[in-house]
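Values in this text are rule-based calculations from the coordinates and carry no lab data. A quick note: this is a predicted structure, and the numbers were derived from the prediction, not measured. For neighbour counting, all protein chains shown are included, and Cβ atoms are generated from backbone atoms with ideal geometry for every residue, glycine included.
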Amino acid sequence: MTNQEDAKTGREDLRAVSALIGDALSKAAKLFQNEVDLAKAELTEKAQTMGGAIGYLVGGAILVIPALVMVLFALSAALISAGWSQPLFYLTSAVVAAGIAGLFVAIGINRFDSRKLIPGHAHETLSGIADPSAGKQGYEKAESTLAAALERQPLLLRAVGIAAVA
């Protein structure tokens, strides 16, 4: 081998290494973009869940007001006919109304549980990608997690135009 052949081989190796690095960076960027799209889809789903919870809260609040008024009228009629004093009747009616209101508030708060609103799968995968110390295993884990997430939610993901990782 001559020096010219060594230099030519070195340049070819350098081109091959730079092509590999470019390919790896391109795949990592595509995977990251897919994960951002998946997170966007998960956040859309969580926003729809919140919208449903708000709808139930509003519907419950609208329907409970006339029902509560009727229950309090019935309670007042029963207590007055039983001979109770008016202050005791008002206190009893207030306790019943507060109990019903507390029940509806508790149901509404339960539906807004923050753990249910976090986009879990995309967060886990992006954490794996963002960890440079994970190396090849982190990339493979992120890729398999993304593929599994794409299989679990095909309709939602097709709706936002996310393609599966090849």
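Things worth noting here:
- Reported to the nearest whole Å, the Cα centre-to-centre distance from segment 20-70 to segment 92-107 is 30.
- Per-residue 3J(HN,Hα) values for segment 57-62, derived from phi via the Karplus relation 6.51 cos²θ - 1.76 cosθ + 1.60 with θ = phi - 60°, read 4, 5, x, x, 5, 5 Hz in sequence order (x marks Gly and Pro).
- FRET efficiency for the L63 to L43 pair, using the beta carbon distance and R₀ = 30 Å, is estimated at 0.50.
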